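Take a look at the structure below.
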Amino acid sequence: PDKMHDVSSDNISEGSLEILRFLSFVKPYFNPSNIGTWTFPLGAFLHYLSYELCHRVGNTAGLKTLKNDHPNIAHQLLKDEPYLQCMDLPGTEIVAFLDSLLPLAQQALYSKNGNVSHAGETSLLYLTQIDPARASSPLIDFSL
């Protein structure tokens, strides 16, 4: 079943829905037997999208901690860097991204292209940093 349909689009921003639609569209191209000129760019895209999601979630968590521990510094930082105020992704969007990206990363592991396989490994590493419980159980099954 397509995980994108499990999430109410009312809880997901339009931009995130577009990315999720795109991921749903390219899913067949991640099949390990599907190899062509598109294979490496899709692997690189998976790697960088996973990295940027991890980076954004990490920055948001760091900013929340800074607000709690040092509110004056956080206030000045937000004044100097106003874009930080809109970095927070709702939990429903994070879950939707994880549900879409994890199967792609797992399929990438089996790619005939070594670079794509490595991109799958690094993507799983980044996604595990976001939600270890959600991402590591398939990894444990995979390693056994």
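The values are calculated or read from the model by the stated rules, or taken from the named source; none is laboratory data. These numbers come from a predicted model, not from an experiment. Note that each Cβ is placed from the backbone with ideal geometry, even for glycine, and that neighbours are counted across all protein chains shown. The protein model used for the area step is the full one, side chains on, heavy atoms only, and it has no ligands, DNA or RNA in it. Shrake-Rupley method; radii C 1.70, N 1.55, O 1.52, S 1.80 Å.
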**Prompt:** How large is ³J(HN,Hα), in whole Hz, for each residue of the stretch 21-27 in order, when computed from phi with the Karplus curve 6.51 cos²θ - 1.76 cosθ + 1.60 and θ = phi - 60°, using x for Gly and Pro?
**Reply:** 5, 4, 4, 5, 5, 8, 3
**Prompt:** Given a 1.4 Å probe and every protein chain left where it sits, what share in percent of the accessible area of the chain is carbon and sulfur?
**Reply:** 58 percent
**Request:** Using θ = phi - 60° and the Karplus relation 6.51 cos²θ - 1.76 cosθ + 1.60, list the HN-Hα couplings for the stretch 108-117 in order, rounded to whole Hz, with x at every Gly or Pro.
**Result:** 4, 4, 8, 4, 6, 8, x, 5, 5, 4
**Message:** Which order do the peptides 121-133, 68-80 come out in when sorted by mean C-beta neighbours inside 10 angstrom, highest first?
**Reply:** 121-133, 68-80
**For the stretch 52-58, 3J(HN,Hα) per residue [Karplus equation, 6.51 cos²θ - 1.76 cosθ + 1.60, θ = phi - 60°, Hz, x = Gly/Pro]** = 5, 5, 4, 4, 5, 5, x
**Complete:** Per the C-alpha gyration tensor (a ≥ b ≥ c, the square roots of its eigenvalues), the stretch 80-142 is rounded if a/c is under 1.5, else prolate if a/b beats b/c, else oblate; here it's prolate
**Asked** So for the stretch 11-86, taking the charge dipole from beta-carbon charges (+1 Lys/Arg, -1 Asp/Glu), which of ASN11, ALA61, TYR83 sits furthest toward the positive end?
**Response** ASN11
**Request:** Starting from the Kirkwood radius over alpha-carbon pairs of the chain, derive D by Stokes-Einstein at 20 °C in a medium of 1.002 mPa s and give it in µm² s⁻¹.
**Result:** 131 µm²/s
**Complete:** With the dipole of the chain defined by +1 on each Lys or Arg Cβ and -1 on each Asp or Glu Cβ, the option from SER100, GLN129, ASN34 whose Cα lies farthest towards the positive pole is ASN34
**Request:** Calculate, in nm to one decimal, what ILE35 and ILE73 gain on full extension: separation in residues at 0.36 nm each, minus their alpha carbon distance.
**Result:** 8.7 nm
**Request:** Determine, for the chain, the count of lysine pairs separated by eight or more sequence positions (or lying on different chains) whose alpha-carbon distance falls under 22 Å.
**Result:** 4
**Charge dipole magnitude, Cβ of K and R +1, D and E -1 - the stretch 20-121, Cα centre, debye nearest 20** = 220 debye
**Item:** Estimated [θ] at 222 nm from DSSP helical runs (n ≥ 4, -39500 (n - 2.57)) normalised by residues in the chain, nearest 500
**Value:** -23500 deg cm²/dmol
**Charge dipole (the chain, unit charges on Cβ, about Cα centre) - positive-most of LEU109, LEU46, ALA74** = LEU109
**Request:** Report the extension gain between SER117 and LYS27 in nm, rounded to one decimal, defined as 0.36 nm multiplied by the number of residues separating them, less their alpha carbon distance.
**Result:** 30.9 nm
**Probe 1.4 Å, protein heavy atoms only - accessible area per residue of the stretch 36-144 in square angstrom** = 57 Å²
